[in-house]
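These notes concern the structure reproduced below.
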Amino acid sequence: MEKTNGANKRWNFGANEVVERSSSLSIRQYLETLISSLNVNDGRTVIPLGHGDPSPFPRFSTDPVAVQAICDSVRSTKFNTYSSASGIPIARKAVAEYLSRDLSYQISPDDVHITAGCLQAIEILISALATPGANILLPRPSYPMYDSRASFSQLEVRYFDLLQEKAWDVDLDAVEALADDKTVAMVLINPCNPCGNVFSRQHLQKIAETASKLGILVIADEVYDHYAFGEKPFVSMAEFADIVPVVLLGAISKRWFVPGWRLGWMVTLDPHCVMKDSGFLQSLTNVISMSTDAATFIQGAIPDIIGNTKEEFFSSKLEMVRECAEICNEEITKIPCITCPCKPEGSMFTMVKLNLSLLEDISDDLDFCYKLAKEESLIILPGRAVGLKNWLRITFAVELELLIEGFSRLNNFVQRHSKKQP
Amino acid sequence: MSEEQQPHANLVVPTFRTEKEPKTQTQNGNGRSVWRFGGSEKAAEASTVTLRGVIFMLFDNCSKDVKKTVLPLGHGDPSVYSCFRTCIEAEDAVVDVLRSGKGNSYGPGAGIPPARRAVADYLNGDLPNKLSPDDIFLTAGCNQGIEIVFESLARPSANILLPRPGFPHYDARAVYSGLEIRKFDLLPDREWEIDLEGVESIADENTVAIVVINPNNPCGNVYSHDHLKKVAETARKLGIMVITDEVYDRTIFGDNPFVPMGKFASIVPVLTLGGISKGWVVPGWKLGWIALNDPEGVFEYTKVTQSIKQNLDITPDPSTIIQVALPEILEKADKKFFAKKNKILKHNVDLVCDRLKDIPCVVCPKKPESCTYLLTKLELSLLENIKDDIDFCVKLAREENLVLLPGEALGLKNWMRITIGVEAHMLEDALERLKGFCARHAKKTETETESLEALKL
């Protein structure tokens with residue numbers, strides 16, 4: 001509602017165009033557009049297969065010990081205070097020990113920086129890396145928050161492909177071709193959002209060696225750590241910190257199904273002091289000290305959350321995710337115009353390719369998803385949101401009944417829009 | 001005592017170097033790679049203006065040899081002390097949400113609707129132009145509110161007006177966003193009122209906003225209705241918005257009533273920053289807000305609102321737990337709890353001012369009526385061999401293990417800030433040590449000098 005008074009007063013302030021450009025890349029924006037096109041008269045439940053948050057579903061509720069840990073933290077009254085910039089000591093120590101469980105060495109608590117979710121770690125890291133003229137290598141397809149934050153910090157982005165014909169492995173030749181003397185880092189998300197693959201140990205080592213040769217950091221986004229339910233076990237890039245400096249990102253959000261708690265970490269693995277000597281570590285510390293922190297009362301609960309959660313919780317939840325992935329795989333094969341080149345083996349997503357030539361009056365992935373939302377109250381993310389036009393990203397970590405119903409609706413939609421046979 | 005058990009464990013600040021690190025490309029041991037990432041000058045510059053560096057340096061000067069506990073009265077976090085424990089209703093609200101399982105999911109960037117509505121209701125009590133939930137945006141603490149607003153306003157050549165003395169986080173974030181800083185004075189002989197003539201002289205066509213902190217940190221005054229109106233009128237004349245930081249709106253213990261700047265929103269667009277951190281003494285819960293008081297829709301048509309919303313989409317959110325608990329926390333706001341807290345602070349202020357009567361070189365010209373700090377002026381002419389406020393504070397730390405903040409860190413040279421949001425006995429102890437220190441460093445009078453000379457013969 002615009003009301004101007006009389007002479008249309010001139011004000012000196014206005015929008016920041018950099019923000020506008022950066023946020024239009026976000027998944028939130030795409031989902032909002034789809035949700036706004038839902039048919040309000042459709043009485044059916046909206047089925048959300050576009051986002052990345054299974055926590056609303058009863059089958060993916062968190063472990064009660066985690067809830068108890070935070071209640072205890074609140075009642076103790078010891079954690080209502082400001083936190084030190086990198087987090088309170090007991091939280092840093094607990095995370096260091098947790099991550100070291102699967103490693104051949106011990107991570108030092110001093111290298112652990114607690115952040116308000118993995119998202120804040122991305123924000124801080126990209127910001128600290130954005131020196132004038134620098135560029136960063138991102139995978140395609142990707143998690144677009146990296147793109148948004150890079151755009152916002154005016155850090156140039158160059159994309160290397162994840163190869164669908166090679167189980168989504170990194171195109172290392174492309175990485176070498178893209179890098180120049182202003183390239184500062186490459187990002188790897190493992191287990192992979194959005195592709196659903198898990199990178200092998202051998203491949204991770206090759207990536208580390210390539211990055212080292214190019215003189216760049218590896219940003220290892222392992223927010224889906226341990227979400228590996230296929231053949232390949234999860235291996236952390238931390239194992240290769242001796243070859244190349246690694247910044248490891250993670251959070252409790254996915255493994256404990258609590259993204260709303262906003263507790264993540266950024267770990268600098270730098271045994272040869274490369275990050276330190278180059279001055280980058282100081283910059284990172286400077287940005288951290290100017291930024292908001294994870295809520296202290298949640299940090300205070302971390303030792304108990306990590307310490308008291310049993311392996312059975314993790315394995316039973318992983319089994320549920322695997323079950324969902326199985327159903328997803330089966331159902332996709334039944335739908336003619338959709339192919340999945342690599343069955344998901346990790347995370348909670350899979351990328352499927354659209355064969356538009358089999359469809360009538362659907363122009364592209366956005367059009368597909370828009371009409372799907374409108375006609376079937378089913379939300380799926382258009383692949384362009386993650387960098388692959390005419391693909392779709394399907395989230396399978398939802399209640400089984402919803403998943404099955406969702407694919408049924410998808411099938412109906414596709415049938416309805418299929419090109420008629422002569 | 002382990003680090004976690006020390007009462008001030010969370011007040012200890014990490015190592016922090018203030019000098020710029022050179023941007024280098026180093027070779028590793030066998031010269032195989034040249035590493036291409038390096039330091040950020042922008043980050044280095046911004047970080048030099050935070051308090052952490054000064055505070056850490058002062059802690060560094062304390063020593064075990066001085067057999068007294070370290071008294072950290074240079075910066076503040078009252079939540080560390082049990083006398084300031086938050087109210088049980090707030091704790092209950094959070095625990096209830098946790099048990100319900102309703103705080104575990106992502107929320108929308110702007111905040112969940114019930115929380116936004118609760119903040120609008122909370123603020124509307126004192127406002128003629130009512131806020132709708134759409135005018136409220138939740139942030140991960142008031143400090144993040146500052147980050148978001150500055151990032152939303154940043155444009156090439158833009159400048160922002162900040163108060164001196166001020167709150168250094170504003171400076172750090174302004175530098176980091178690329179906003180040029182211009183300082184206006186708060187006038188000590190006018191009860192810290194804003195030097196409006198100064199404001200008009202430094203503003204130009206690239207000025208986007210003026211930041212007003214009310215109730216004022218660090219000065220502790222509460223601005224009058226008339227003065228705030230004048231500020232609004234000045235801002236309007238200059239074509240700039242008022243960003244008002246009202247995070248201390250529930251930490252008032254003097255006679256002047258709090259008047260929200262939003263009252264003058266029909267004169268000038270007002271962007272209010274607030275939160276529960278200070279009122280409820282829960283800075284660790286990280287819940288703040290941005291409220292757009294703007295009946296004329298200026299923020300909307302200049303697209304500032306859009307920038308803020310878009311920024312919120314790509315930045316971290318406050319925890320869903322506290323968002324879901326917020327309506328209950330705000331609605332059950334207990335007047336008795338606030339009164340008790342403020343009474344303790346008033347008592348502490350009176351205690352300090354009383355003791356200062358015996359310390360002529362440290363003067364408190366105006367008792368604070370709000371916030372958790374007390375500003376004093378140093379009469380250096382009464383002291384021997386102390387060249388300025390930093391020198392005073394360093395020597396004080398070294399000799400007495402007492403850390404007070406030199407005013408230089410806030411833009412007020414030769415003043416000193418004492419944190420009063422602590423337990424009373426700490427202030428008693430601190431003032432004793434301060435008295436001893438000042439007596440030791442007092443300039444000898446002429447007769448004293450003669451006596452000393454006589455003794456030497």
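Worth pointing out:
- Scanning the range A:211-226 for residues that are without any contact (Cβ under 8 Å) to a residue 40 or more places away in the chain and at the interface with chain B (Cβ under 9 Å from one of its Cβ atoms) gives A:Ser212, A:Lys213, A:Leu214, A:Gly215.
- Tally, over the range B:151-192, of residues that are within 14 Å of another protein chain (Cβ to nearest Cβ) and under 16 Å from the mean Cα position of the chain (by Cα): 8
- Residue match in the range A:285-301 (condition: touching a residue at least 24 places away in the same chain (Cβ under 8 Å) and away from chain B (no Cβ under 12 Å)): no
- Failed item, numbered, when B:Phe56 is tested on (1) within 13 Å of another protein chain (Cβ to nearest Cβ); (2) under 21 Å from A:Met290 (Cα atoms); (3) in a loop (DSSP other than H, G, I, E, B): (3)
- Across the range A:155-182, the qualifying residues are those that are within 25 Å of B:Gly38 (Cα to Cα), out of contact with any helix residue (DSSP H, G or I) (no Cβ under 7 Å at 6 or more places or on another chain) and part of a loop (DSSP other than H, G, I, E, B), and the one among them that is farthest from the other protein chains (Cβ to nearest Cβ) is A:Asp180.
- Verdict on A:Ala121 being out of contact with any helix residue (DSSP H, G or I) (no Cβ under 8 Å at 6 or more places or on another chain), part of a helix (DSSP H, G or I) and facing another protein chain (nearest Cβ under 10 Å): yes
- Checked against the criterion of being away from every other protein chain (no Cβ under 14 Å), surrounded by fewer than 22 Cβ atoms within 10 Å (Cβ to Cβ) and in a loop (DSSP other than H, G, I, E, B), the range A:85-101 contains one or more residues that satisfy it.
- Total residues in the range B:122-156 satisfying the condition of being assigned to a helix (DSSP H, G or I) and among the small types (Gly, Ala, Ser): the figure is 2.
- Within the range A:202-240, the set of residues being within 17 Å of A:Arg101 (Cα to Cα) and part of a helix (DSSP H, G or I) comprises A:Met237, A:Ala238, A:Glu239, A:Phe240.
- For the range A:13-25, a tally of residues being surrounded by fewer than 20 Cβ atoms within 10 Å (Cβ to Cβ) and in a loop (DSSP other than H, G, I, E, B) returns 3.
- Matching residues, the range A:18-52, being among the charged types (D, E, K, R), facing chain B (nearest Cβ under 8 Å) and over 22 Å from A:Trp391 (Cβ atoms): A:Glu20
- Considering the range A:62-77, the residues that are facing another protein chain (nearest Cβ under 9 Å) and modelled with pLDDT of 95 or more include one that is farthest from B:Lys102 (Cα to Cα), namely A:Arg75.
- Condition check for A:Glu165: acidic (Asp, Glu), more than 19 Å from A:Leu25 (Cα to Cα) and in contact (Cβ under 8 Å) with a residue 60 or more places away in the chain: yes
- Scanning the range A:230-255 for residues that are farther than 22 Å from A:Lys206 by Cβ and surrounded by fewer than 24 Cβ atoms within 10 Å (Cβ to Cβ) yields a total of 1.
- Any hit, the range A:138-148, residues being surrounded by fewer than 24 Cβ atoms within 10 Å (Cβ to Cβ), charged (D, E, K, R), in contact with a His (Cβ under 9 Å, 6 or more places away or on another chain) and closer than 26 Å to A:Ile394 by Cβ: no
- The residue that is nearest to the other protein chains (Cβ to nearest Cβ), counting only those in the range B:60-92 that are of a type in the set (A, V, I, L, M) and outside any loop (DSSP other than H, G, I, E, B), is B:Val80.
- When the residues of the range A:249-262 are filtered to those that are of a type in the set (A, V, I, L, M) and more than 8 Å from every other protein chain (Cβ to nearest Cβ), the one that is farthest from the chain's Cα centre (by Cα) is A:Ile252.
- Checking each residue in the range A:359-377 for being crowded, with 22+ Cβ neighbours inside 10 Å and not aliphatic (A, V, I, L, M) picks out A:Asp365, A:Phe368, A:Cys369, A:Glu376.
The values are calculated or read from the model by the stated rules, or taken from the named source; none is laboratory data. No experiment lies behind these values; they were computed from the predicted model shown. Quick reminder, even Gly has a Cβ in these numbers, built from the backbone with ideal geometry, and neighbours come from all protein chains shown.
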